[in-house]
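Contents: one structure, followed by commentary.
Coordinate-derived values only; no laboratory data. This structure is a prediction, so every number in the text was calculated from the model and none was measured. For neighbour counting, all protein chains shown are included, and Cβ atoms are generated from backbone atoms with ideal geometry for every residue, glycine included.
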Amino acid sequence: MKTLVVGGGGREHALVWKLAQSPKVTKLYAAPGNPGMEDIAERIPVGAEDIGGIAAFAERGKIDLAVIGPEAPLAAGLADRLRERGVLCFGPGARGALLESSKRFARDFMARHDIPEPRYHSFVTLDEAGRHLETLPDGPVVVKADGLAQGKGVVVAQNRAGARVALGEMMGEGRFGEAGKEVLIEECLSGEEVSLLTFTDGKTILPMLPVQDHKRAGEGDTGPNTGGMGTCAPVSVFTPEVAGRVDETIIRPLQKALREEKIDYRGCLYIGLMLTPDDSGAVIPRVIEFNARFGDPETQVLMPLLKSDLFDILYACARGELGDVRPEWSDGRAVCVVMASGGYPGKYSTGHVIEGLSAEEVPLDIGHDSWVFHAGTDRNDRGDSITSGGRVLGVTARGATLEEALRRVYARVDAIRFEGRIFRRDIAHRELSRRKP
């Protein structure tokens, strides 16, 4: 099977790495890919958002399965274009992608189908949003840009003053362009946040392992929001009881809603959950966001834990035949630590040489059970790996226990050097704290 992965970040590198292990994949392409994929996939010099170019390549190259990684080409209708040309595709069409590309659409969709979510209001003018803000208690509130903002369009303001600043940046100053012309003001939920990625063919929804992301730039969950600074999986807060509640109140209603609204969704549906305790202490799961694709850096911890052939699962989703599939997962734990450029998520410099990428530079047990997924890298004229983005690498390790995975991942991180590197040393701190008496 000829397989094409669209995208060039850490998520796509992890998908390419896992797909390359399938005996069914005879040829693997990445468009545009990144230097970390070069040993396992042929890079195609077509940008992920070049809808016509990718569709033409897939048709000309007789691609058997296309896997779309980033949200922007999904929102632009790449999956629709590929299917029109007879190319099987893992990724929702533009209508399904609205669950991510329009926060208001997603909120209204959930409201129509009684899927638990925070209270919200949407606004298209700064004055309207400001007046609504004055009616709320002077406490934490969430301000969201309606459109795609690379994971940075959400501000958890601690008070009205902070919310006013966020509204001014989004609607007044145009910080996120078109994405911020409409905003949502939402109830700020408290509790544990969990990322639950799912495989779906629009009829069946199969959850993957629960993941916990670390979105803040600084240790102790401080600083600005980022695209994600690290992940761990699975997480103990997602107990069998919580899983049952999620299935009853979210997964099954979601399956019914997709059918009723005739959304032919074949891809990964990411459910961002907040597990909020009620007055009795019971956990109430609510949806804080949908994403229409694999998460990043969630994918980087999930793929090393997946025992099943990834191609089989994605192919079944694309064909609408997921009902007979049951993914198998390993019993271990995995941790991903994002190594970023100094200054991220603000201004940062690029072009710095990266050293220590080889697995041979760490002890044997760490090298065999750790992986470096490239995200923002390139090569200079001498062929050296250099930094080219904010999030540069996703360093992942697997272990029988969380402690073992953490030991391995930070040993691998410490071996990698580039000017200005930053990363968090407290990934999985919430999971570790739950183990203390």
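Work from the charge dipole of the chain (Cβ charges, +1 for Lys and Arg, -1 for Asp and Glu, about the Cα centre) and give the residue of 92, 224, 288 farthest towards its positive end.
92
Charges at C-beta only: +1 for Lys and Arg, -1 for Asp and Glu. How large is the resulting dipole of segment 190-324 about its Cα centre, in Debye rounded to 20?
For segment 190-324, the charge dipole is close to 320 debye.
Under the Kirkwood approximation applied to all pairs of distinct alpha-carbon atoms, what is the hydrodynamic radius of segment 1-74 in Å?
Evaluated over segment 1-74, this radius sits at 11.8 Å.
Direction-averaged shadow area of the convex hull around the Cα atoms of segment 190-324, nm²?
Averaged projected area of segment 190-324's Cα convex hull equals 9.0 nm².
What does the highest-first list of 5-14, 302-311, 390-399 look like by mean Cβ count within 10 Å?
The most tightly packed comes first, giving 5-14, 390-399, 302-311.
Assuming 0.890 mPa s and 25 °C, estimate D for the chain with Stokes-Einstein, Rh taken as the Kirkwood radius over Cα pairs, in µm²/s.
It comes out at roughly 111 µm²/s.
If you keep only loop residues by DSSP, which GluC sites (Glu not before Pro) in segment 327-374 have at most 14 other Cβ atoms within 10 Å of their Cβ?
Qualifying residues, ordered by number: 328.
Quick check for me: using +1 on Lys/Arg Cβ and -1 on Asp/Glu Cβ, what's the dipole size of the chain about its Cα centre, in debye to the nearest 20?
Dipole magnitude for the chain comes out near 320 debye.
Which trypsin sites (Lys or Arg not before Pro) in segment 242-287 pass both tests, a DSSP loop state and at most 15 other beta-carbon atoms within 10 Å?
When the trypsin sites (Lys or Arg not before Pro) of segment 242-287 are filtered for loop state and at most 15 Cβ neighbours within 10 Å, 262 remain.
To the nearest Å, what is the center-to-center distance of segment 167-231 and segment 1-68, using C-alpha atoms only?
26
If you count, for each residue, the other Cβ atoms within 10 Å and average over each peptide, how do 34-44, 213-223 line up from highest to lowest?
The most tightly packed comes first, giving 34-44, 213-223.
Averaging sequence separations of C-alpha pairs under 8 Å and six or more residues apart, then dividing by the length of the chain, give the relative contact order as a whole percent.
16
Please grab the % of Cα pairs in segment 333-433 that end up more than 15 Å from each other.
59
Charges on Cβ only, +1 for Lys and Arg, -1 for Asp and Glu, centred on the Cα centroid of segment 119-187; of 124, 183, 142, which one is farthest towards the dipole's positive end?
Positive-most Cα among the choices belongs to 142.
Zone of residue 426 (label point 7 Å along Cα→Cβ, backbone N under 16 Å): which residues in segment 309-346?
Answer for this model: 338.
Which percent, to the nearest 5, of DSSP beta bridges fully inside segment 2-91 are antiparallel?
Here the antiparallel bridges make up roughly 0 percent for segment 2-91.
For the residues 15, 275, 269, what sequence is obtained by ranking on other C-beta atoms within 10 Å, fewest first?
Fewest-to-most Cβ neighbours within 10 Å comes out as 275, 269, 15.
Quick check: residue separation of residue 414 and residue 221 times 0.36 nm, minus the Cα distance between them. What number comes out in nm?
67.4 nm
Ranking 373, 109 by Cβ neighbours within 10 Å, fewest first, what do you get?
109, 373
What is the dipole size for segment 86-157, taken about its Cα centre, with +1 at each Lys and Arg Cβ and -1 at each Asp and Glu Cβ, in debye to the nearest 20?
With Lys and Arg at +1 and Asp and Glu at -1, about 240 debye.
Using 0.36 nm per residue of separation minus the Cα-Cα distance, give me the extension gain between residue 126 and residue 248 in nm, one decimal.
40.1 nm
At 222 nm, what value in deg cm²/dmol follows for the chain if DSSP H runs of at least 4 each add -39500 (n - 2.57) and the sum is divided by all its residues, to the nearest 500?
Per the formula, -7500 deg cm²/dmol.
Measuring from label point to label point, each 7 Å out along Cα→Cβ, what is the residue 353 to residue 321 span in nm?
If labels sit at residue 353 and residue 321, their model points lie 5.1 nm apart.
Sort out for me the Cα centre separation of segment 69-124 from segment 360-429, rounded to whole Å.
32
Work out how much length residue 95 to residue 360 would gain on full extension: take 0.36 nm times their residue separation and subtract the Cα-Cα distance, in nm to one decimal.
Value of the extension gain: 90.8 nm.
For the charge dipole of the chain, defined by +1 on Lys and Arg C-beta atoms and -1 on Asp and Glu C-beta atoms about the Cα centroid, which residue among 235, 13, 345 has the Cα displaced farthest towards the positive pole?
Farthest along the dipole direction, towards plus: 13.
Can you figure out the FRET efficiency of residue 239 with residue 381, using R₀ = 51 Å and their beta-carbon distance, to the nearest 0.05?
With R0 = 51 Å, the Cβ-Cβ based efficiency is 0.45.
For residue 1, put the label point 7 Å out on the Cα→Cβ axis and report which residues of segment 191-225 keep their amide N under 11 Å from it.
None, by backbone N distance to the label point.
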